[in-house]
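Read-outs throughout are calculated quantities, based only on the coordinates presented, and are distinct from any laboratory measurement. The shown structure was predicted, so the numbers you read here are calculated from the model rather than taken from an experiment. Methodologically, a virtual Cβ is constructed for each residue, glycine included, from the backbone with ideal geometry; neighbour enumeration extends over all protein chains shown.
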Amino acid sequence: MFSVPVRYVEPVFRPPSEAQSLILPVTDGCSWNKCTFCEMYTAPQKVFRARDEDEVMTTIRRCGERFGSDVKRVFLADGDATVLPTRRLLAVLEAIRAHLPGVRRISSYCLPRNLKKKSQAEVDALAAAGLSLVYVGAESGDDAVLAAVNKGETFDSTRDALDKLGAAGIGRSVMILNGLGGQELSAQHADHSARLMNATQPEYLSTLVVSFPLGEERFRAGFPGWQPLDQHALFVELARFIGGLELKRTVFRSDHASNWLALKGTLGADKARLLGELRQAIERPAAAPLRPAWARGL
């Protein structure tokens, strides 16, 4: 990350693919921040608020003065920049174009609920102004799982948001949480998540394994019957999910540090190969290139 004249409120999060991006906060925290599996914005200092508009504009101008055309990518932080009114987002995008002329990609996290408040014309305008990629934590396509983890979304609300983004030509990077439904809801979590992806055909898709570095108490309070999947069951669920996918041209990654097995490919071209690698992990785990437990970033 660049050393820049930006006021950050720690901890700062960004997707792995934004490692070389200028992280530009336009909000602090997450406007929903009720998902029981998420520990990203629970620190006391990460109370949600929109950044002062003058501060954001001054930050963009100062970054332009320091870096000129050297900045190629900008990530709008924190948890869901798209919660801002369209007028404010358009002003930010215009300022980036004016002061950071070398930027070729502007991206952000996006909660599906935020797109309900924006018309298709508004989303089209954001795309035309330079917003080219958003990261959507769908987590699951199963309504029972989503309710149990207090996601505040449904299959339909996530599908509608992804369709709106796709119609505008904004790239969609969607994340599904392997193991989120636990033992009881594993099959329907895999099946309905695949159905959501088939319905929306995102440009990028990734899977992470659900984990609780700070403990499971908050999660279990709303999902008391949840039982975690062991390594074998995680592979079985992931194979069921990938097996149900009917994607035309989606870049797939399952290589986050939480994953036991790193998988990369394009779906559907590499579906058979990916399923073969999963079968090996299921049937002959000792022969599979699994990540050791100590190396998993939990």
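Lone cysteines in the chain, defined as no other cysteine's Cβ under 4.7 Å from theirs: which are they?
So far as the 4.7 Å Cβ criterion goes, CYS30, CYS63, CYS110 stand without a partner in the chain.
Build a GNM of the chain with springs between Cα atoms under 10 Å: which of GLY215, GLY244, GLY171 gets the top mean-square fluctuation?
Highest fluctuation of the listed residues: GLY215.
Report the dimensions of the chain along its three principal axes from the alpha-carbon atoms, largest first, rounded to Å.
Computed over the chain, the largest-to-smallest principal extents equal 57, 41, 37 Å.
Do you know the relative contact order of region 107-226, to the nearest whole percent, from alpha carbon pairs under 8 angstrom that are 6+ apart? Write down the numbers at each step before the final one.
Working: 173 pairs, mean separation 34.4, N = 120.
About 29 percent, as a whole number.
Quick one, what does Rg over Rh come out to for region 198-290 if you take C-alpha atoms and the Kirkwood Rh? Can you show the working numbers first?
Values: Rg = 14.6 Å, Rh = 14.4 Å.
That ratio equals 1.01.
Distance between Cα centroids, region 82-110 to region 142-219: provide it in whole Å.
Taking the Cα centre of region 142-219 as reference, the centre of region 82-110 is 26 Å away.
What percent does the relative contact order of the chain come to when contacts are Cα pairs within less than 8 Å and at least six residues apart? Don't jump to the answer; show the numbers that get you there.
Numbers: 542 pairs, mean separation 39.3, N = 298.
Once divided by the residue count of the chain, the mean separation gives 13 percent.
Give me the angle, in degrees from 0 to 90, between the Cα long axis of helix 120-129 and the longest principal axis of the Cα atoms of the chain, rounded to the nearest 10.
70
Checking the cross-link filter: which lysines have an alpha carbon closer than 22 Å to that of LYS46, excluding same-chain neighbours under 8 positions apart?
Result set, ordered by chain and number: LYS34, LYS151.
Highest GNM mean-square fluctuation, the chain, Cα pairs closer than 10 Å: which of ALA286, ALA138, ALA269?
Its mean-square fluctuation being the largest, the pick is ALA286.
As a test, work out the antiparallel percent of DSSP beta bridges whose residues both lie in the chain, rounded to the nearest 5.
On the way: 7 of 34 bridges.
In the chain, DSSP labels about 20 percent of beta bridges as antiparallel.
Quickly estimate the mean residue ellipticity at 222 nm for the chain, helices only: each DSSP H run with n ≥ 4 gives -39500 (n - 2.57), and the total goes over all residues, rounded to 500. Let's see the in-between values first.
Working: 10 runs with 111 residues, N = 298.
Calculated mean residue ellipticity at 222 nm is -11500 deg cm²/dmol.
Between the alpha-carbon centers of region 1-74 and region 276-298, tell me the distance in whole angstrom.
Comparing the Cα centres of region 1-74 and region 276-298, I get a distance of 35 Å.
Is the shape of region 123-298 rounded, prolate or oblate, going by the alpha carbon gyration tensor and its root eigenvalues a ≥ b ≥ c, with a/c under 1.5 for rounded and a/b larger than b/c for prolate?
Note, shape of region 123-298 comes out oblate.
Give me SER31, SER186 sorted ascending by neighbouring Cβ count inside 10 Å, so fewest comes first. Display every interim value, and only then the final one.
Numbers: SER31 20, SER186 23.
Placing the least packed residue first, the sequence is SER31, SER186.
Could you state the angle between the C-alpha long axis of helix 186-200 and the longest principal axis of the C-alpha atoms of the chain, as a value from 0 to 90 degrees rounded to the nearest 10?
Between helix and principal axis, roughly 40 degrees.
Just flag the chymotrypsin sites (Phe, Trp or Tyr not before Pro) in region 88-177 sitting in loop per DSSP whose Cβ has no more than 12 other Cβ atoms within 10 Å. The partial results should precede the final answer.
Numbers: sites: TYR109, TYR135, PHE155; in loops: none.
The qualifying sites: there are none.
For the chain, with a Gaussian network of springs between Cα atoms less than 10 Å apart, report the residue from ALA161, ALA121, ALA239 with the top mean-square fluctuation.
Sorting by GNM fluctuation, first place goes to ALA121.
How would you rank THR207, THR58, THR158, going from fewest to most other Cβ atoms within 10 Å of each one's own Cβ?
Working: THR207 24, THR58 13, THR158 27.
Least crowded to most crowded, the residues run THR58, THR207, THR158.
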